[in-house]
1. Does V42 satisfy the condition of being farther than 21 Å from A179 by Cβ and buried (at least 17 other Cβ atoms within 10 Å of the Cβ)?
2. Considering only residues of region 126-135 that are surrounded by fewer than 16 Cβ atoms within 10 Å (Cβ to Cβ) and touching a residue at least 40 places away in the same chain (Cβ under 8 Å), which is farthest from R51 (Cα to Cα)?
3. Quick check on region 14-39: of everything there that is assigned to a helix (DSSP H, G or I), under 14 Å from V153 (Cα atoms) and of a type in the set (G, A, S), which residue is nearest to the chain's Cα centre (by Cα)?
4. Show the residue pairs meeting these rules: Cβ distance below 9 Å; 6+ apart or different chains; first residue within region 208-232 and among the charged types (D, E, K, R); second residue not in a helix (DSSP H, G or I).
5. Looking only at region 123-148, filter to residues that are assigned to a loop (DSSP other than H, G, I, E, B) and in contact with a helix residue (DSSP H, G or I) (Cβ under 7 Å, 6 or more places away or on another chain); which one of those is nearest to A107 (Cα to Cα)?
6. Among the residues of region 204-232, which ones are touching a Phe, Trp or Tyr at 6+ places or on another chain (Cβ under 8 Å), farther than 16 Å from M41 by Cβ and among the hydrophobic types (A, V, I, L, M, F, W, C)?
Amino acid sequence: MRTGGGRRGYGRRVTALLACSVVLAVVAGVRGTWSPCGLSMVSAINPMSERGRGHRYALTCLLFVLGALVGGVLLGCAAALLSLPAALLPTDAALVLAVLAGLVTLASDLQVGGVALPRHPRQVDEDWLSRYRRWVYASGFGLQVGSGFATYVMTAATYLLVVLAALTGSPPQAALVGALFGVVRGLAVTLSARATTPEGLRALHRRLAALDRPSLRLAIAAQAAVVVVLAGLVGGPAAAVLVAGAVGVGLLASGEASWHAVRPTRRDA
């Protein structure tokens, strides 16, 4: 084992797991932009739709991002609660658990070994757009997507960032990771800022559709990098090489299966 004991080892653990969970928060937040039912937020909240409702697009986006921030904070609070018992774990044990969790989430995204974490096939209810006031649907939609698990989970990296944040053993750090995820997830709504015409919105959809598979590949690459780095911290170069080999085998076994778009089984809209 390479990690030190006592306060020094704990500090290294917090730093390593926090850095990895921050990377995953950004990557998973970006990946959450895509949806098997279409880019619902971009379709539902854009300059044209808000103008038609008599609303200012910028203010709607602000309410959405604030709602997503609250959702992310709630996710972070859940991770913070889990971090309390995790703080009792020895540093090496926490890092080993992080590596194992990363292998599970990778297997889920790669669709190998029969591992399949829940994807929660649900979308926000688009009836809110006509049923409620702007502050309700904008902040309510943001809250749902920012919480990470109230709608489609587009990558298992979302699970992993919660696990790593909890394993830091630091409630404040875990809460901040959740907040970061929420903000990144919420900012996706601003992608439609320049889509002021129907053709502009269609062009945006085409560009984002072309990036669907690359975004999943990015999430998988981020998880693989995190797992290898953490394995190296806890077991040295040999462990890093061993885990990298296992990840490589998983990539080869998955083939193109892992790059498919998740198909919806139900749409709440």
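Bear in mind these aren't lab numbers, they're just calculated from the coordinates by the rules spelled out. These numbers were taken from a predicted model, which means no experiment stands behind them. For neighbour counting, all protein chains shown are included, and Cβ atoms are generated from backbone atoms with ideal geometry for every residue, glycine included.
1. On the way: farther than 21 Å from A179 by Cβ: yes; buried (at least 17 other Cβ atoms within 10 Å of the Cβ): yes.
Yes: the conditions hold for V42.
2. Going through region 126-135, the residues surrounded by fewer than 16 Cβ atoms within 10 Å (Cβ to Cβ) turn out to be 127, 130-133, 135.
Filter once more, so that each one left must be touching a residue at least 40 places away in the same chain (Cβ under 8 Å): 127, 135.
On the way: D127: 18, W135: 15 Å.
That would be D127.
3. So in region 14-39, the residues assigned to a helix (DSSP H, G or I) come out as 14-31.
Pick out the ones that are also under 14 Å from V153 (Cα atoms) and you get 24-25, 27-31.
Okay, now just the ones that are also of a type in the set (G, A, S), so 25, 28-29.
Values: A25: 5, A28: 3, G29: 4 Å.
Here the answer is A28.
4. Close Cβ pairs satisfying both conditions: D212/W34; D212/A261; R213/H260; R213/A261.
5. Going through region 123-148, the residues assigned to a loop (DSSP other than H, G, I, E, B) turn out to be 123-127, 132-133, 147-148.
After this cut, where a residue has to be in contact with a helix residue (DSSP H, G or I) (Cβ under 7 Å, 6 or more places away or on another chain) as well, the list is 123-124, 126, 147-148.
Working: Q123: 25, V124: 28, E126: 33, S147: 23, G148: 20 Å.
The extreme case among them is G148.
6. Result: L216, single match.
Yes or no, residue by residue, for (1) buried (at least 17 other Cβ atoms within 10 Å of the Cβ); (2) in contact (Cβ under 8 Å) with a residue 40 or more places away in the chain; (3) on the phi < 0 side of the Ramachandran plot; (4) of a type in the set (F, W, Y):
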site	(1), (2), (3), (4)
L95	yes, yes, yes, no
A98	yes, yes, yes, no
V115	no, no, yes, no
R119	yes, yes, yes, no
R122	yes, yes, yes, no
Y137	yes, no, yes, yes
G140	yes, yes, yes, no
Q144	yes, yes, yes, no
S147	yes, yes, yes, no
